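Some notes on the structure that comes next.
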Amino acid sequence: MPSTFFGLNIASSALNAFQTAVNTTANNISNVQTKGYTKQVANRQASDALRVYQKYGTIGTGVTTTSITSIRSEYYDTKYWENQSSVGMFETKLNFLNQIENYFQDKESNEPGFSTIFTNMFNQLNELTSNAGDENVRKNFISQAQIFTSYFHDVSNGLVKLQKDCNDQIKTLVESINSSAQKIAALTKQINSIEIQGGTANELRDQRALIIDELSKIVPITAAESPVTNSNYPDMYTGGTNYIVKIDGQTLVNNYEYTTLKCVSRENQVWQTDAEGLYDIVWADTGMNFNMNADSMDGSLKALFDIRDGNNEENFQGKITSATSSTITIKPSTMNTIETMSMASEGVITIKNKEYYYNSFTAEVDENGKILSYKFEIEANLDANEINNLRGGYAEIGDKIDAMGIPYYMSQMSEFLRAFSERFNAYQKGGQDLNGDPMGAFFIAKKYDGSEYDFADQNVGTNGVTDGTKSVISSTSNSYYQMNALNFNVADASIRDSSIFATTADVTGEKIDAHEIVDAMLKLQSDVKLFRGGSAKSFLQCIISDITIDTQESKIFSSNFTDIASAITNQRLSIAGVDEDEEALDIVKFQNAYNLASRMVQCMSEMYDKLINETGV
């Protein structure tokens, strides 16, 4: 039978239980503003009943606090992590697209943009129709042409700087992923060390979940926890758990072990205008590439790659028609004009998922300016089996990335400038300067050493295409392939001497003020189709249209996913968050219960006093 003081033990268990409940509530209140903290509850159950061998069989023995646990919803955690990667992606993309838009956007009158500069240049060119031989009028036009080239220098240098910023942030995020993986593995070990001894490591679990919250905004993640059971007795739970975190389907953390990612600088550029030292990401332990272009990839890291490398799926593609031990001939399906050629002069070409390094290439151009074929010089020595295997295959340079990033806008500027310069220079080369000498190229490409590409290897007629004969250009030849927005310039000779500019085909005698060439060049402003089916004047409208569509899409998705995140967060907080009113109610509830238990102790004490001290024998 139970002890005479059994009732006092029952009341004492209630005191202990509700003291624990009050302490737990106090801990919740103290962490009401702690980021990542989830509400804790003291779980209670009736103590095991005691058999007293009476008619009623057993008697209750009070209450026991079985555990203190955090309230979390695995469902809402998973939904939050899935949504956060989309939030991170579109927030990051929107930030960089706004910056790109600012580079192209026409500024106020004190900082003129493309439309104003382009119009001013042609207005000054039009002045030559009144006095083509006037030195001052010529200087004014050449000055405006220099401003025109400076505009593209400023925009392209700004985009390259932005590309470098993306690259630096990619490295920062990779370091953040590695740091998070290390912390998750360490916390998992601490959690298991505590929980195997009994109890729940609530605060450590909150810290681990908070790291996952932050990591989910960088890359899409999945986290799975499963109990560790005794191998001899599968139904026996040991108290430990397996915790596995994956990013894009590959394991980042496996319990106490973790893998890391590594940034590797590219040895070669993919595109002509790429900044030096762009990073590719590989798994540090295996060296395998981390596929940033997978359909399931999301997050701010993906956004940085899209902005840094995005080409609107306009990478080099073509079918291999023949191959030798050191060359591969390709019929292009993209980049089939000199204007659209944007791959680097040397780099990596991928054929049937295998990479080959090329150190140069040549292109055969037909009489209409179309590229019939490319021949790439391959560094590897291909054997007969490999040559047979390559024939008929498809080749690519660069990844096919469905995003309009910096390489896309740089290639669009190159395409426009090449088309415009080809036409402009073709007219110039058909005339004489004021000295009666044949005119060369007015718009040129500046080399790193200060010398110039004047495109002597590419014969272009006044119609802007080749002069009716087939030709072959190479990656090192003096052709318009060498021109891009970074090196687009006015020829030094024309800058130094304004007489070196052609307005007519013949300056002899009184023809010094003739301007038939100027009349033809004026049509390049709006009467000739030069870029994407439109005139040169509409160049900016095409670019702004691209940016605006992309920016608006990112803005809409960013807003939508942010709203979804807010809704999921509210649902998570309704379950796991600390509510001040609810905690205040719990304080009153537990206080009353504690007071009742205290009253029971007092009652029992009085009963025992009566029994022991006042009952005579």
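Summary of values
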| quantity | calculated |
| --- | --- |
| Residues of region 225-266 with amide N under 20 Å of the 7 Å Cα→Cβ point at residue 175 | 259-266 |
| Cross-link reach list, aspartates and glutamates versus residue 352, counting only Cα pairs under 14 Å and skipping chain neighbours closer than eight places | 386, 396, 399 |
| Residues 166, 542, 263 arranged by fewest to most Cβ contacts within 10 Å | 542, 263, 166 |
| 13 Å cut-off, amide nitrogen to a point 7 angstrom out along residue 327 Cα→Cβ, residues in region 364-408 | 364, 373-378 |
| FRET efficiency estimate (nearest 0.05) - Cβ-Cβ, residue 563 to residue 233, R0 35 angstrom | 0.10 |
| Gap separating the Cα centres of region 515-583 and region 260-323, nearest whole Å | 23 Å |
| Two-site label geometry, residue 280 and residue 99: point separation in nm, points 7 Å out along Cα→Cβ | 2.5 nm |
| Principal-axis tilt of helix 114-127 within the chain, Cα atoms, nearest 10 degrees | 10 degrees |
| Label-point gap, in nm, between residue 78 and residue 146 - each point 7 angstrom along Cα→Cβ | 6.6 nm |
| Rounded FRET efficiency, nearest 0.05, which uses the C-beta distance separating residue 106 from residue 505 and R0 of 45 Å | 0.80 |
| Backbone N under 19 Å from the residue 157 label point (7 Å along Cα→Cβ), restricted to region 238-282 | 273-276 |
| Filter on 319/470; 55/589; 164/529 - keep pairs with C-alpha separation over 32 Å | 55/589; 164/529 |
| Computed lengthening from residue 67 to residue 294, 0.36 nm per intervening residue step minus Cα-Cα distance | 77.4 nm |
| In sequence order, calculated HN-Hα J values of region 580-588 (Karplus, 6.51, -1.76, 1.60; Hz; x Gly/Pro) | 4, 5, 5, 5, 5, 5, 5, 4, 4 |
| Surrounding net charge for residue 475, when Lys and Arg each add one and Asp and Glu each subtract one, Cβ distance under 12 Å | -2 |
| 3J(HN,Hα) from dihedral phi, region 26-37, Karplus parametrisation 6.51/-1.76/1.60, rounded to Hz, x for glycine, proline | 4, 5, 4, 5, 5, 10, 4, 10, 7, 5, x, 6 |
| Whole-number percent relative contact order across region 1-143, with pairs defined as alpha carbons under 8 Å at least 6 apart | 16 percent |
| Sequence-distant residues sharing a close amide H with residue 134 (under 5 Å, placed H) | none |
| Label assignment, volume of the Cα convex hull per residue in Å³ derived from the structure, set [x] 189; [y] 205; [z] 153 | [y] |
| Residues whose placed amide H lies under 5 Å from that of residue 311, excluding near-sequence neighbours | 401, 403, 405 |
| Under-5 Å amide H pairs with residue 44, H placed in peptide plane, nonlocal only | 66 |
| Extended-chain gain in nm, criterion 0.36 nm per residue less alpha-carbon gap, residue 265 and residue 579 | 108.1 nm |
| Longest exposed-site-free window of the chain, the sites being chymotrypsin sites (Phe, Trp or Tyr not before Pro) in a DSSP loop that have at most 14 other C-beta atoms within 10 Å | 57-255 |
| The chain: angle of helix 74-104 to the longest principal axis, Cα-based, in degrees nearest 10 | 30 degrees |
| Environment charge at residue 579 (Cβ cut-off 15 Å; Lys +1, Arg +1, Asp -1, Glu -1) | -2 |
| Prolate/oblate/rounded label for region 487-553 (Cα gyration tensor, a/c 1.5) | oblate |
| Ranking of 607, 121 by count of other Cβ atoms within 10 Å, fewest first | 607, 121 |
| Separation in nanometres of the label points that stand 7 Å from Cα toward Cβ, at residue 45 and residue 353 | 5.2 nm |
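Quick note: the coordinates plus some simple rules give every number you see, no bench work behind them. All values derive from a computational prediction rather than experimental measurement. Cβ atoms come from the backbone with ideal geometry, glycine included; neighbour counts cover every protein chain shown.
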